[in-house]
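Below is one structure, written out as structure tokens; comments come after it.
The values are calculated or read from the model by the stated rules, or taken from the named source; none is laboratory data. The model shown is predicted, which means the values in this text are computed figures rather than measured ones. Note that each Cβ is placed from the backbone with ideal geometry, even for glycine, and that neighbours are counted across all protein chains shown. Just the protein is used for accessible areas: all its heavy atoms, side chains included, with ligands, DNA and RNA removed. Shrake-Rupley method; radii C 1.70, N 1.55, O 1.52, S 1.80 Å.
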Amino acid sequence: MDLAEIEAIRREFPILGREIAGRRMVYLDNSATSQTPDCVVKEITRLYTHEKANVHRGVHTLSQEMTDLQEKSREHVRKYINASSIEEVIFTRGTTEAINLVAASFGSRFKAGDEVILTVMEHHANIVPWQLLQNRTGIVLRVVDINDRGELDIDQYRSLFNEKTVMASFCHVSNVLGTINPVKEMTEYAHSRGVPVLIDGAQASPHLSIDVADLDCDFYVFSSHKMYGPTGIGVLYGKKKWLEEMPPYQGGGEMIGKVTFEHTTFADLPFKFEAGTPDFIGIAALSKALDFIEDVGMERIASHEHELLEYTQKRMEAIEGVKIYGTAKEKDAVISFLVGNSHPYDLGLLLDKQGVEVRTGHHCAMPLMDRLGIPGTVRASFAVYNTLEEADMFLKALQRAVAILE
Ligand code: PLP
């Protein structure tokens, strides 16, 4: 993409014009949450001011319009991820809730001694729900290690499968290392052993095209707020054959067929898994975020972000004292790093004083930090609206921070 195109995109994000510490802000915390374009914000305002009514409950016009908008967005998501039916698209509060749903509901069929395969690079959202299940049922967690570049040890992954394996759950892209995992091959192998898979796509969905039919995964989960959409909305894709068998996750309104004090029947998919009033405004506005991504084009987004990654990482490697964690051959636009023995928080504060917003700490991946033998990292992560000029501003700020820390 040329600068004029990126400038046009940037105009959709007024927040990018902010100043921090008296300087032009450089926002490089996109892995935590991306900024939201005007088209999404305007849609949210329009929905609140012209369309708000509870969904699936009313015969009145407003309720029917809002229900249509919510369900149109579900169809948009279906198409976007290439699911075969809207029954396979469940709205949740985010990736975290989607994984909790699968662990609690699909996991209710597991018994003591059954094994679930995870990887050492998982976000806590793909560890703790399985540990809660472990506490309830006595399942065993097996963990795939990484090599020095931060790539999964695929031989070890294969070797962990045995007759007790009931599930494999792994991220598509690591939120710390940026590693893009070979999830299609991993799924293929798991299926060859009769094991279903869940893919945590929280960090992949903003940067890669997602095709659940091609991946053939059993579950795929992601969050709207990381892909230019509203906060508080997530998606669980699940194969219909599993979702039909699974018990509801939560009980309440919207997810029922008939209720008596003696017996309750449940609604059909996808509503069986959507208890209570959903964030129908956010769900409807998510469709605008998908429009935004589709208008720019995922291939152009990915190639622009890759250019930023290569440009920045190469120059960071030349700064004395900087150590980068995660140098996989297939890597997303995320750079985790440390400088000498300095604490990530000190570095983060020195960058913030120069207007550069990066994330510091364990990034909700404490087991990975233990594996790397570090307390945390500083993480710079890019989105479509970042520019090479901003990469230079970040590099300059980093050099100043390094000089101060020395
Ligand atoms: N999985 C990964 C890989 C993530 O990076 C994150 C968030 O950073 C999550 C799960 C949790 O996402 P959310 O907090 O939106 O539920």
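Some points to look at:
- A single member of A391, A365, A289 is closer than 24 Å to P206 by Cα, open to solvent by less than 10 Å² (accessible area, probe 1.4 Å) and touching a Pro at 6+ places or on another chain (Cβ under 8 Å), and it is A289.
- Summed over segment 166-209, residues that are away from the ligand (no atom under 14 Å from the Cβ) and either open to solvent by less than 10 Å² (accessible area, probe 1.4 Å) or among the aliphatic types (A, V, I, L, M) (or both) total 8.
- Evaluation of G282 against the conditions (1) farther than 26 Å from H76 by Cα; (2) in a helix (DSSP H, G or I); (3) not hydrophobic (A, V, I, L, M, F, W, C) shows that the sole unmet condition is (1).
- Test result for L286, among the aliphatic types (A, V, I, L, M), touching a Phe, Trp or Tyr at 6+ places or on another chain (Cβ under 8 Å) and closer than 19 Å to N30 by Cβ: no
- Residues in segment 133-172 that are touching a strand residue (DSSP E or B) at 6+ places or on another chain (Cβ under 9 Å) and small (G, A, S): G150, A168, S169.
- Test: residue in segment 392-403 that is of a type outside the set (F, W, Y) and within 30 Å of V183 (Cβ to Cβ): no
- Just so you know, in segment 253-273 the residues that are small (G, A, S) and assigned to a loop (DSSP other than H, G, I, E, B) include one that is least open to solvent (accessible area, probe 1.4 Å), and it is A267.
- Some residue of segment 50-59 being free of Cβ contacts under 8 Å to residues at least 24 places away in the same chain, open to solvent by less than 70 Å² (accessible area, probe 1.4 Å) and either touching a Gly at 6+ places or on another chain (Cβ under 8 Å) or in a loop (DSSP other than H, G, I, E, B) (or both): yes
- Tally, over segment 91-121, of residues that are among the β-branched types (V, I, T) and open to solvent by 30 Å² or more (accessible area, probe 1.4 Å): 1
- Selection within segment 169-192 - within 12 Å of Y157 (Cα to Cα) and among the charged types (D, E, K, R): E185
- Inter-residue pairs, beta-carbon under 7 Å, first over 25 Å from T95 (Cα atoms) and in segment 24-49, second open to solvent by 20 Å² or more (accessible area, probe 1.4 Å), 6+ apart: M25/R18; M25/E19; M25/E357; V26/E357; V26/M393
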